[in-house]
Amino acid sequence: MRYHSDPAERLNKKQIAKYATKFLKNNSIINLGIGIPSLCAQYITDPTILLHAENGVYGFNKFANEKNINPDYMDAGGNFLETNKNMVFFDSVESFNLIRGGHIDTTILGAFQVSKNGDIANWMIPKRGIGSIGGAMDLCANTKNVIVTMEHTTKLNEPKIVEKCEFPLTAVNCVNKIVTDVGVFEINYNSIILKECAPGWDVLSIQNITGVKVKCDKKIVFMDIDNV
Amino acid sequence: MIGGFGGSGGQPTRLMLALSKKKLKGLTIIGNVAGISETTGYGWPKNIKPVDQGIFFRTGIADKIICSFPVPASQNPKSPIENFWHNNKNSVEIIPQGTLIEKIRCAGAGIPAFYTSTGVGTIIENNKETKFINNKKYILEYALSADYALIRASVADENGNLQFRGTSRAFNPAMATAAKITIVEVDEIVKAGSLDPNNIHTLGIHVNRIIKRRKNDIYP
């Protein structure tokens, strides 16, 4: 994907997902949202990382072969799961005890907009007027480490990283990191800090498609997309 | 209340089909992932036409829904709940999933209300009581009960003790405790005392009626 003013290609969804897994710590428990985040699962190779799905399972690592599905084994995105001996099942009360109780270390979600103070809007497009919250508000409000994976702009090349979200909020002041198709950003003290650029990109080109002042704390490195 | 998580596993599909054909009006449906399977196939095997809670709005027996996930991400094609919402905007109440399940759990556990940080700073906080506890803001949410819970389990014994399989527990056990009458749809009924008493997921005292599905039902 490349807009005419772009200095280089933007990453595709799989590359964004793969890159986001670089920021997962071993021995952690992770919840993946729908869309780009759900693609992360296939790139997690560390066996000490446990995947949690809010419908009541952790420890899964594979989707079931289409010929061999069982509706009693599903993730929250509606994908059927291959069973393995590390999986544990529980009901929705326990599942949200885990979330609200802060037992989930990291959640990776998609977003329509993220603001510079870490607010996230990801459940409703105002023009449509109706949307689905699901577990996103619980996850964002209660997880220590919230990573957003998304395309950097809308299809019209408008910024999705903004001063203040115009879309209805999912949670306030919770996003720690954003991985987009042009860079990796951290949110710290009400600032968007650019940590890494996609290959061929530079600070000015990223600034041009970002709705807030982008800060850089040191020499920017290129995202090493081939070695995650 | 309708149990499960929206997919075919854990959903009382036969009870839902039977209810949707009854000559009733004005039902309030309490669900979770309520209306996305029919148009997206969410959680259903590809060769079977999905059933979701939109069925109650297509047949017109319901006039309100309380859930966390009423509509899919795409509006094409429009789902029955989205069509209903267009003319009844105040009759689709969307609640964060963790708050919804805790409201139901509390109803079954004799707890009238609870505080949660979920939804702080969003429209969920509007017109609700809030409180700072240890310098953190929380919203007061109230318990939610129902007249009937339709749920799905794998096995029941003759005393109504239930076991679930895999991820098909979801909202079923909590809903069983929060309704005046709980009706469970099961694959198998076994003799009283033949389930392992160490391994009962829902207690029989919460279950009022058991419906056994046909063997090899077309719906999973």
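Only the coordinates and a few stated rules stand behind these numbers; no lab work does. Since the model is a prediction, treat every value here as computed from it, not as a measurement. Positions of Cβ are backbone-derived with ideal geometry, glycine not excepted, and every protein chain shown enters the neighbour counts.
Considering the range A:117-228, the qualifying strands (runs of 3 or more DSSP E), each wholly inside and each with 2 or more residues that are not β-branched (Val, Ile, Thr), run over A:175-179, A:183-188, A:191-197, A:214-222. Could you tell me whether any residue of the range A:171-191 is within 9 Å of chain B (Cβ to nearest Cβ) and not polar (S, T, N, Q)? Within the range A:171-191, one or more residues are within 9 Å of chain B (Cβ to nearest Cβ) and not polar (S, T, N, Q). What pairs come out if I take residues in the range B:4-26 that are touching a residue at least 12 places away in the same chain (Cβ under 8 Å) and pair them with residues that are in a helix (DSSP H, G or I) and surrounded by fewer than 24 Cβ atoms within 10 Å (Cβ to Cβ) whose C-beta lies under 8 Å away, six or more apart or interchain? Hits for this filter: B:GLY9/B:GLY166; B:MET16/B:ILE55; B:LEU17/B:ILE55; B:SER20/B:ILE55; B:SER20/B:ARG58. Being part of a helix (DSSP H, G or I) and more than 7 Å from every other protein chain (Cβ to nearest Cβ) is the filter here; which residues of the range B:100-132 pass it? Result: B:LEU100, B:LYS103, B:ILE104, B:CYS106, B:ALA107, B:GLY108, B:ALA109, B:GLU125.
Restricting attention to the range A:184-200, the residues that are at positive phi and buried (at least 24 other Cβ atoms within 10 Å of the Cβ) add up to 0.
Within the range B:9-51, the set of residues being within 8 Å of chain A (Cβ to nearest Cβ), touching a strand residue (DSSP E or B) at 6+ places or on another chain (Cβ under 9 Å) and buried (at least 21 other Cβ atoms within 10 Å of the Cβ) comprises B:GLY9, B:GLY10, B:ASN32, B:VAL33, B:ILE36, B:TYR42, B:GLY43.
Per the conditions (1) surrounded by 18 or more Cβ atoms within 10 Å (Cβ to Cβ); (2) at the interface with chain A (Cβ under 7 Å from one of its Cβ atoms); (3) without any contact (Cβ under 8 Å) to a residue 60 or more places away in the chain, the sole criterion not satisfied by B:GLN97 is (3). Within the range B:52-80, being crowded, with 23+ Cβ neighbours inside 10 Å, within 10 Å of another protein chain (Cβ to nearest Cβ) and farther than 26 Å from A:ILE69 by Cβ holds for no residue.
In the set (1) at positive phi; (2) under 15 Å from the mean Cα position of the chain (by Cα), the condition left unmet by B:ALA149 is number (1).
Regarding A:ILE108, is this residue within 30 Å of B:SER79 (Cβ to Cβ), within 14 Å of chain B (Cβ to nearest Cβ) and within 18 Å of the chain's Cα centre (by Cα)? Answer is no for this residue.
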